[in-house]
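For reference, the structure discussed in these notes is given below.
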Amino acid sequence: MVERMQHGTVALVEGSDGPVRFAFTERTGGVSQAPYESLNLGAHVGDDPEAVAENRRRVLAALGAEDLVDNLLVPNQVHGDDVVVVDSAEPEALSRVRELIAAGADAIVCTVPDVPVMLCFADCVPVVLTCPGGFAVVHSGWKGTIAAISAKAARILMDRTGEDPASIRAYIGPHILGDEYEVSRDLLQRFADRFDRIEMNAARLLDLSAAIAEALEGEGLSADAICDTGLSTMRENDRFFSYRKEAGTCGRHAAVALMR
């Protein structure tokens, strides 16, 4: 289960599974100025880098992990399906990982304690996977969703931890919902051809979370193990950033996870 928690000025929709703690951030409680106000966590949108660094520190502090700020991993997201694995917290190992994620990655699987992972969003779907031996944080836009990046991350997480599907839990964070996301007819057809739960419709509305859940269940996760927060970036734009709602100029909220 996840619940909204207030940590000073920072609000998180958060949860925990065994040693894994995770959260979906909201947009308030930071130091960024308009149009990125205020808890912008994206370093690629034109915001002051010092403000972004302070916002990231505040999120880790809210999770009781401010001491791990130097270990924080934030990939360069490229709307692909590359998954990077973190299996050591040693400085040299983290340095190699940073080189990989700087080149582009949209999911990180982590099997070691004390390495926070953060991915950024403003309508795309955040997915956090947890199990007793590790976690994954996934960025699933339409390109990642049709490539089943969440299912790929789940397979890698199970392979690296030795866990089976019954041990995996999935949490789908705030995103543009299926009754809000209008796409082209051609794109909707591609999804309908790929996923049983996606149907052609006159409004050309696409439910990314339905496709993600179907892909995860295809890897053996039970429907009961997949928690969709149902939070809308469009309808709740006062809580979350929305690229569509804000006409392309906005900050980024995040999904963040770590093990202790």
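The values are calculated or read from the model by the stated rules, or taken from the named source; none is laboratory data. Every value quoted in this text rests on a predicted model; they were computed, and no experiment measured them. Neighbour counts run over all protein chains shown; Cβ positions are idealised from the backbone, glycine included.
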Exercise. Go through segment 108-145 and count every residue that is among the hydrophobic types (A, V, I, L, M, F, W, C) and either more than 12 Å from the chain's Cα centre (by Cα) or farther than 23 Å from A62 by Cβ (or both).
Key: 6
Exercise. Tell me, please, whether a residue that is surrounded by fewer than 22 Cβ atoms within 10 Å (Cβ to Cβ), modelled with pLDDT of 95 or more and over 22 Å from A153 (Cβ atoms) can be found in segment 71-84.
Key: no
Quiz item: Only one of (1) exposed (fewer than 12 other Cβ atoms within 10 Å of the Cβ); (2) within 19 Å of V138 (Cα to Cα) fails for M200. Which number is that?
Solution: (2)
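Conditions tested, residue by residue: (1) in contact (Cβ under 8 Å) with a residue 60 or more places away in the chain; (2) over 22 Å from Y243 (Cα atoms).
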site: R155; (1), (2): yes, yes
site: S167; (1), (2): no, yes
site: L188; (1), (2): no, no
site: D196; (1), (2): no, yes
Self-check item: Residue under evaluation G64, criteria (1) in a loop (DSSP other than H, G, I, E, B); (2) within 19 Å of the chain's Cα centre (by Cα); (3) surrounded by fewer than 17 Cβ atoms within 10 Å (Cβ to Cβ), criterion not met
Solution: (2)
Quiz item: Taking V183, is it under 29 Å from L73 (Cβ atoms) and either in contact (Cβ under 8 Å) with a residue 40 or more places away in the chain or out of contact with any helix residue (DSSP H, G or I) (no Cβ under 8 Å at 6 or more places or on another chain) (or both)?
Solution: no
Quiz item: If you check R252, R260, R235, R239, which single one turns out to be closer than 23 Å to T161 by Cα, among the charged types (D, E, K, R) and touching a residue at least 24 places away in the same chain (Cβ under 8 Å)?
Solution: R260
Quiz item: So which residues in segment 194-233 are part of a helix (DSSP H, G or I) and in contact with a His (Cβ under 9 Å, 6 or more places away or on another chain), if there are any at all?
Solution: L208, S209
Quiz item: Restricting to segment 56-77, what's the tally of residues that are under 14 Å from L119 (Cα atoms) and either in contact with a strand residue (DSSP E or B) (Cβ under 7 Å, 6 or more places away or on another chain) or in contact (Cβ under 8 Å) with a residue 60 or more places away in the chain (or both)?
Solution: 8
Quiz item: Quick check: anything in segment 167-187 over 30 Å from M5 (Cα atoms), among the acidic types (D, E) and surrounded by fewer than 21 Cβ atoms within 10 Å (Cβ to Cβ)?
Solution: yes
Practice problem: Give the residue that is surrounded by the most Cβ atoms within 10 Å (Cβ to Cβ), with candidates limited to residues of segment 1-44 that are over 19 Å from the mean Cα position of the chain (by Cα) and in a strand (DSSP E or B). | Solution: H7
Practice problem: Among the candidates I172, I149, single out the residue that is over 23 Å from N237 (Cβ atoms) and within 16 Å of the chain's Cα centre (by Cα). | Solution: I149
Quiz item: Which of the residues belonging to segment 15-55 are without any contact (Cβ under 8 Å) to a residue 40 or more places away in the chain and of a type in the set (A, V, I, L, M)?
Solution: V31, A34, A43, A51, V52, A53
Practice problem: From T249, T145, T229, T233, grab the single residue that is exposed (fewer than 15 other Cβ atoms within 10 Å of the Cβ), among the β-branched types (V, I, T) and closer than 28 Å to Y36 by Cβ. | Solution: T249
Quiz item: Where in segment 87-193 are the helices (runs of 4 or more DSSP H), entirely inside, with at least 3 residues that are among the aliphatic types (A, V, I, L, M)?
Solution: 91-102, 149-161
